[in-house]
Amino acid sequence: MKDGLVIVDKPAGLTSHGVVSRMRRLAGTRRVGHAGTLDPMATGVLVIGVEKATRLLGHLALTRKEYVATIRLGQTTVTDDAEGEVTETASAAAVTREAVDTGIAALTGDILQVPSKVSAIKVNGVRSYARVRGGEDFELPARPVTVSSFTVQDLRHEGDLVDLDVTVECSSGTYIRALARDLGAGLGTGGHLTALRRTRVGPYGIGLARTLEQLEDSLDILPIGEAAAAAFPRWDVDAEQAVLLSHGRRLPAPGLGSGPTAVFGPDDRFLALVEEKDGESKILANFA
């Protein structure tokens with residue numbers, strides 16, 4: 001089985017773990033994982049690693065993501081999305097585009113965000129959603145996230161409700177559900193998410209994604225070297241350096257910058273992910 005990434009267009013109603021299970025069957029291996037969970041309601045880009053490429057996933061999850069979504073103002077739900085029970089209602093009929101734009105501006109840039117309680121975040125080793133189901137009363141701490149852009153594409157009044165079609169570019173760890181919740185709270189109407197589609201994870205856009213049905217017909221795997229070259233800065237080394245690196249040796253590496261760098265040998269073979277530390281290469285993952 002070839003090492004690499006599969007860019008899946010996840011369907012609604014299936015968990016990310018469910019996609020991994022399907023991919024294990026299609027790829028004929030249990031060594032399969034994903035980079036960045038999508039809620040069952042959500043669709044779109046889910047990056048799947050196969051065999052050695054699973055070791056890239058923790059680094060890919062730290063990249064920028066893009067979404068298209070629909071936010072409904074006038075209703076609050078227990079999950080901050082359409083899958084949860086409505087807990088409060090308030091008329092949004094008087095909400096103006098100007099008020100929405102002001103609310104969105106406050107949620108753009110470097111912000112502190114309290115994640116949705118019905119989420120996979122662990123609190124003292126227990127998933128937050130499990131604590132909610134157990135009836136616990138607790139608060140999650142706010143976390144720093146970056147919302148690079150948050151744009152309204154359409155605004156529709158539906159009686160006492162308002163639906164907003166939006167696009168969001170953000171850092172990993174940002175909850176679009178929480179943006180919907182906080183926008184509604186700021187407008188005094190409440191809000192939740194009714195639709196979510198992820199259109200990009202780092203360099204991997206929806207144009208590369210394949211549905212599970214398409215993958216059943218033809219398993220399209222992006223080779224690990226191409227995947228790494230697309231996601232990280234590239235550093236080419238000579239044959240002697242390649243041998244040293246494959247043995248775990250650190251090499252002089254000034255100027256690599258922050259974050260992971262993909263290292264390639266003279267035969268264009270992907271060797272490792274490294275980061276610069278004190279002017280030398282520190283191996284994050286060795287693929288030689």
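The numbers here are math on the coordinates, done by the rules we state, and not lab data. Everything numeric here is computed off the predicted structure, so don't read it as measured data. Cβ sites come from the backbone with ideal geometry, for glycine too, and all protein chains shown count toward neighbours.
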Could you give the Stokes-Einstein D for region 65-201 in µm² per second, using the C-alpha Kirkwood radius, 4 °C, 1.567 mPa s?
-> 86
In deg cm²/dmol, rounded to the nearest 500, the helical mean residue ellipticity at 222 nm of the chain, built from -39500 (n - 2.57) for every DSSP H run of length 4 or more, is -6000 deg cm²/dmol
Amide hydrogen neighbours beyond the local backbone of Thr199, cut-off 5 Å, H modeled = Val45, Glu66, Tyr67, Val68
Cα lying deepest toward the dipole's positive end in region 65-201, options Gln75, Thr87, Tyr175, charges on Cβ = Tyr175
With springs only between Cα atoms under 10 Å, which of Ala178, Ala142, Ala227 fluctuates most in a Gaussian network model of the chain?
-> Ala142
Cross-link pairs Lys52/Lys282; Lys10/Lys282; Lys10/Lys117; Lys117/Lys282; Lys2/Lys117; Lys52/Lys277 - those with Cα-Cα distance over 27 Å | Lys10/Lys282; Lys117/Lys282; Lys2/Lys117
Semi-axis lengths (Å, descending) of the ellipsoid that matches the C-alpha gyration tensor of region 140-288 | 43, 21, 11
If r is the Cβ-Cβ distance from Val243 to Leu57 and R0 is 22 Å, what FRET efficiency results, to the nearest 0.05?
-> 0.20
Dipole of region 136-277 (Lys/Arg Cβ +1, Asp/Glu Cβ -1, origin at the Cα centre): which of His192, Ala230, Val152 lies farthest to the positive side?
-> Ala230
